[in-house]
Structures are given as structure tokens and as C-alpha cells.
Amino acid sequence: MIKIFGCIIVFAACALIGYFLASSKYERVKEIRSFIQALNMLETEIRFALCTLPEAFIKISLLVDEKTGEIFKLASENMEKIKTNASSAWKSALEEKGTSFSLNSEDFLILKSLGDSLGNSDVENQVKSIRLVVERLKNQEHKAEEERYKNGKLLKSMGVLGGLTLVIIFC
Amino acid sequence: MGIDLIFKIAAIGILVSVLNQVLIRAGREEQAMLTTLAGLIVVLMMVIKEISRLFETVKSVFNL
């Protein structure tokens, strides 16, 4: 009886490991998409609304989904309270919240490169650099989609099958 | 020589072939080959005790 229970637990653990590893790939695609959306909104704000960066960030953080919005909120708070300039506020917000994302280090490099031009030049140049970052992120999104397609299913099935194998060999 | 051993070996065989196919479809042929070999080794290890008992029995039957 206890043996069967133990086998079920081992199998469930292996299957969950597989799902967990696969889900980080899914999450990465979703997060890149939400960043692209947020950056498009930022471009619109900068070009047409002419409000300050902290206000723009707060507006965006309310419109995109939770996790991405938190980075924008934190960056805006850094700018208001600690009075750092835009690029270091953006970079430090990325570094603080970065670990809770399932993004690649490449993605983070691209996002950090946005910080170099924020608040440092006039509207046209900022819009151009935001466009550039959005293009690179779209590239990454394609690659992440491919990777998710190739590896996501594989990891899930490997988790389940590996769990079954362990159960059969050892029980 | 219980019937359980036969069932276990059959189940491992099925699982290894499914794993093989999944890995080949995902494009990872070297890893598919590795899992096949690993399954083979595991089954051999399970069976080797019975083989040695078989040899003992044969030796005792023919008084060698």
C-alpha cells in the first residue's frame, strides 16, 4: 500500500519537473510579447503625450500585465524618490526584478540597451531607439517561439516518461 | 523466476521504444540512441542474476 503511494509520488514529481521546465519556455514567449506591447505604448506616450518619463512609466504599468508592469512601476519610483536619471533607474529596476522573469540573458541585454538612450536625447532619437529595441525583441520572440515549439513538448513528455521508467524499474 | 520480471522487462521495452520515438521526432537522435542503450543495460542488469542461476542449474544437472 505504502509502496504504491511512494510510486505515485515519484511519478508525480518527475512529471511535474518536466512540466515546470517546459513552462519556463512558454512564459518566456509571453513575457517577450508583453514587453513588446509595453514598449510600443512607451513610444506612443513619448511621441504624442509629451509627459515626463515617470508618469509615462506609471501609465504603462497600469495597462500591461502584472509582472511587466512592476518593472515600469519600480523604474518610475526610482526616478521620483531616489532622483536617479532615467537610464540608471531603468537598469536598476531590471536588475532587481529580473530574476523573477524567465527571460534569457540576451533578452535582458536588449532591454538594458534601451536604458542607454532613455531620457538622454530628444523625442525623435528616443523613438528611434525604442523602435530598434522593439525590432530586436520581435526577433527574440521568433526564436523563443521556435524553441518553445521544439523543446516544450519534448520536456513535458520526457518528464512523464522518465517518471514512468523510474517507477517501473524501482517498484 | 517470477512472472513479475517478465512484465517489468516488457514494460521497460515499451517505454524505451516510446522514448526512442519521442527523441527521434524531436531531432535528437544521439540522445535517442543513448536511451536505447541505457534501457538495454538496465534490462541486462535485471536479467543477469537469472542467467547466472541458469548456468548453475545447468552445471548441477550435468554434474560438471
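For the stretch A:18-74, compute Rg over Rh where Rg is the Cα radius of gyration and Rh is the Kirkwood radius from the inverse mean 1/r over Cα pairs.
Rounded to two decimals, Rg over Rh is 1.12.
Just round it to a whole percent: the fraction of Cα-Cα distances in the stretch B:2-62 exceeding 17 Å.
That fraction is 51 percent.
Using the crude model of +1 on Lys and Arg Cβ and -1 on Asp and Glu Cβ, and no other charge, please compute the dipole size for the protein assembly as shown relative to its Cα centre, in debye to 20.
Magnitude of the dipole: close to 740 debye.
Per residue and in Å³, how big is the convex hull formed by the alpha-carbon atoms of the protein assembly as shown?
Hull volume normalised by residue count: 166 Å³.
When you take every Cα atom in the stretch A:4-113, what is the radius of gyration, and what is Dmax, the widest Cα pair distance, in Å?
Considering the stretch A:4-113 through its Cα atoms, Rg and Dmax are 18.0, 66 Å.
Report the local net charge at A:Phe170: Lys and Arg +1, Asp and Glu -1, summed over other residues whose C-beta lies under 14 Å from its C-beta.
Neighbourhood net charge equals +1.
So which residue, out of B:Leu37, B:Leu54, B:Leu23, gets the largest mean-square fluctuation from a GNM of chain B using Cα contacts under 10 Å as springs?
Maximum among the listed residues: B:Leu54.
Taking beta carbons within 10 Å but only from partner chains, what does the mean come to for residues A:148-159?
Shielding by partners across A:148-159 averages 2.
For the stretch A:89-171, what is the charge dipole size about the Cα centre, in debye to the nearest 20, if Lys and Arg each add +1 at the Cβ and Asp and Glu each add -1 at the Cβ?
Approximately 340 debye in magnitude.
Which of A:Ser157, A:Ser88, A:Ser100 ends up with the largest GNM mean-square fluctuation for chain A, with Cα atoms connected below 10 Å?
Comparing A:Ser157, A:Ser88, A:Ser100 in the GNM, the peak value goes to A:Ser100.
Relative contact order of chain A, please, whole-number percent, based on alpha carbon pairs below 8 angstrom and at least 6 residues apart.
Averaging sequence separation for qualifying contacts and normalising by length gives 39 percent for chain A.
Report, in whole Å, the centroid distance computed from the Cα atoms of the stretch A:43-66 and the stretch B:11-48.
Computed from Cα coordinates, the inter-centre distance equals 54 Å.
Once Lys and Arg get +1 and Asp and Glu get -1 on their Cβ, which of A:Val167, A:Met79, A:Gly152 lies farthest toward the positive end of the dipole of the stretch A:2-170?
A:Val167
With springs connecting C-alpha atoms under 10 Å apart, model chain A as a Gaussian network and identify which of A:Phe108, A:Phe48, A:Phe72 has the largest mean-square fluctuation.
A:Phe48
Taken together, the values in this text are just the output of simple stated rules run on the coordinates, not laboratory data. Everything numeric in this text was worked out from a predicted model, so none of it was measured. All Cβ positions, even for glycine, are placed from backbone atoms using ideal geometry, and neighbour counts span all protein chains on display.
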